[in-house]
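**Student:** Let me begin by handing over the structure; questions about it come next.
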Amino acid sequence: MQFCSVLVLLECSDSGAVAAWLHQRIDMQPRMPACYILTMPLLLTEAIVLHAFDYLESSRIIRLLTREAGIQSALARGARKSRARYGSALDLFAEGTAQLFVKPNRELHNFTGFEISRSRSELAEEVGRFTAASTIAELALRFAGEEGSPQLYDTVSDVLERICRAAPEQTVSVGLAGCWRIVSVVGFTPELSSCALCHTPLRDSEDATFSAASGGVVCPGCSKLARGGRRLPSTARAAINSWLASDDSVALSDAEGRSHQRLLREFLDAHMPDDRPLRAFAVWEHERWSAA
């Protein structure tokens, strides 16, 4: 009937009447909300690939640390069928500018492109580097939310670069430095200069008791009240202070490295936002890697 009406108007009316009738019909039609064109806005942001896994037969899901939007998960369609589409953009620890079509109120977005600036292939060349970098990625995934944190982003990027340059015998020390820096950025800096409970100043030259649950070192009087305390030599306290100050040149023996990893794990267990195990950290801590 509408089509016939248009024909009648075209035959019997002037152009002004036709235009008026068409405008009337358009006004009567239900309109899409104005926000319809924004249902999948494009997010263009600096990003680091922290995790990737296969999805269905042809795609992959990647988890990114972004500067503007924190942790984001995205679907890279067809990534398993053809590497040419994304190249090295989906490699772990790669960094660049990501393009995401963001779905409101959804946890999985569409990954459309990645202009890579740093591939970090060095991390795959030595197993100690790879396990240290995997631990850094795991901590970033666990601590970062969906709010942008430029400071955390820059810290993770810098730490990965330092691990890339680390000699095989230095990967544990550089990895520990990176972990403590991330812990500090997210607000859990350990107390190392005074008692975490009563705030009594402690001498740097003295050994102390470190209580992960209390948030750092405790004085002799409070050590009886602190849960799960362990002796922390003054040299170990100095090493942690150096790492927090971005100095990763501290030399460690194998035994010292393992003691520091255990101390860090206990601190993380006491302050992580949930009880899920740190699997990458466990591999980094318990396996003996060598340069061979």
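**Student:** Test Ser157 against the criterion of being surrounded by fewer than 22 Cβ atoms within 10 Å (Cβ to Cβ), assigned by TED's automatic domain parsing to the domain that holds Trp243 and modelled with pLDDT of 95 or more, and give yes or no.
**Tutor:** Numbers: surrounded by fewer than 22 Cβ atoms within 10 Å (Cβ to Cβ): yes; assigned by TED's automatic domain parsing to the domain that holds Trp243: no; modelled with pLDDT of 95 or more: yes.
No.
**Student:** Here's a follow-up. Could you pull out the residue among Glu147, Glu161 that is out of contact with any helix residue (DSSP H, G or I) (no Cβ under 9 Å at 6 or more places or on another chain) and either hydrophobic (A, V, I, L, M, F, W, C) or not in a helix (DSSP H, G or I) (or both)?
**Tutor:** None of the other options fit; the residue is Glu147.
**Student:** What about Ser184, is it assigned by TED's automatic domain parsing to the domain that holds Arg279, touching a residue at least 60 places away in the same chain (Cβ under 8 Å), surrounded by fewer than 21 Cβ atoms within 10 Å (Cβ to Cβ) and closer than 18 Å to Leu244 by Cβ?
**Tutor:** yes
**Student:** Could you check how many residues of region 89-123 are farther than 23 Å from Tyr55 by Cα and assigned to a helix (DSSP H, G or I)?
**Tutor:** Here the count works out to 3.
**Student:** Which one of these does Arg227 not meet: (1) of a type in the set (D, E, K, R); (2) in contact (Cβ under 8 Å) with a residue 60 or more places away in the chain; (3) part of a loop (DSSP other than H, G, I, E, B)?
**Tutor:** Only one criterion is unmet by Arg227, namely (2).
**Student:** Further question: Of the residues that sit in region 235-283 and are acidic (Asp, Glu) and part of a helix (DSSP H, G or I), which one is farthest from Phe210 (Cα to Cα)?
**Tutor:** Our first condition is that a residue be acidic (Asp, Glu); within region 235-283, this holds for 247-248, 254, 256, 266, 269, 274-275.
Checking which are part of a helix (DSSP H, G or I) leaves us with 254, 256, 266, 269.
Working: Asp254: 21, Glu256: 16, Glu266: 10, Asp269: 14 Å.
Going through the qualifying residues, I end up with Asp254.
**Student:** I'm checking my understanding of the structure. Among residues of region 59-73 that are in contact with a Leu (Cβ under 7 Å, 6 or more places away or on another chain) and under 18 Å from Val159 (Cα atoms), which one is surrounded by the fewest Cβ atoms within 10 Å (Cβ to Cβ)?
**Tutor:** Ile71
**Student:** Collect the residues in region 181-200 that are of a type in the set (Ser, Thr, Tyr) and part of a strand (DSSP E or B), keeping them in residue-number order.
**Tutor:** Of region 181-200, the ones of a type in the set (Ser, Thr, Tyr) are 184, 189, 193-194, 200.
Within region 181-200, just Ser194 meets the criteria.
**Student:** Something else: Could you give every pair whose Cβ atoms fall below 6 Å, whose first residue belongs to region 253-275 and is surrounded by fewer than 17 Cβ atoms within 10 Å (Cβ to Cβ) and at pLDDT below 95, and whose second residue is outside any loop (DSSP other than H, G, I, E, B) and of a type outside the set (Val, Ile, Thr), counting only separations of at least 6 or pairs across chains?
**Tutor:** none
**Student:** Does region 133-148 contain at least one residue that is assigned by TED's automatic domain parsing to the domain that holds Leu263 and closer than 18 Å to Leu263 by Cβ?
**Tutor:** For region 133-148, residues assigned by TED's automatic domain parsing to the domain that holds Leu263 and closer than 18 Å to Leu263 by Cβ: absent.
**Student:** Quick check, is Phe210 crowded, with 16+ Cβ neighbours inside 10 Å, in contact with a Leu (Cβ under 8 Å, 6 or more places away or on another chain) and closer than 16 Å to Val159 by Cα?
**Tutor:** So Phe210 does not fit the description; no.
**Student:** Which residues, counting only those in region 133-163, are closer than 17 Å to Leu92 by Cβ and of a type in the set (A, V, I, L, M, F, W, C)?
**Tutor:** Correct list: Ala133, Ile136, Ala137, Leu139, Ala140, Leu141, Ala144, Val156, Val159, Leu160, Ile163.
The values are calculated or read from the model by the stated rules, or taken from the named source; none is laboratory data. In this text, all values refer to a predicted model and were calculated from it rather than measured experimentally. Glycine gets a Cβ as well: all are built from the backbone with ideal geometry, and neighbour counts include every protein chain shown.
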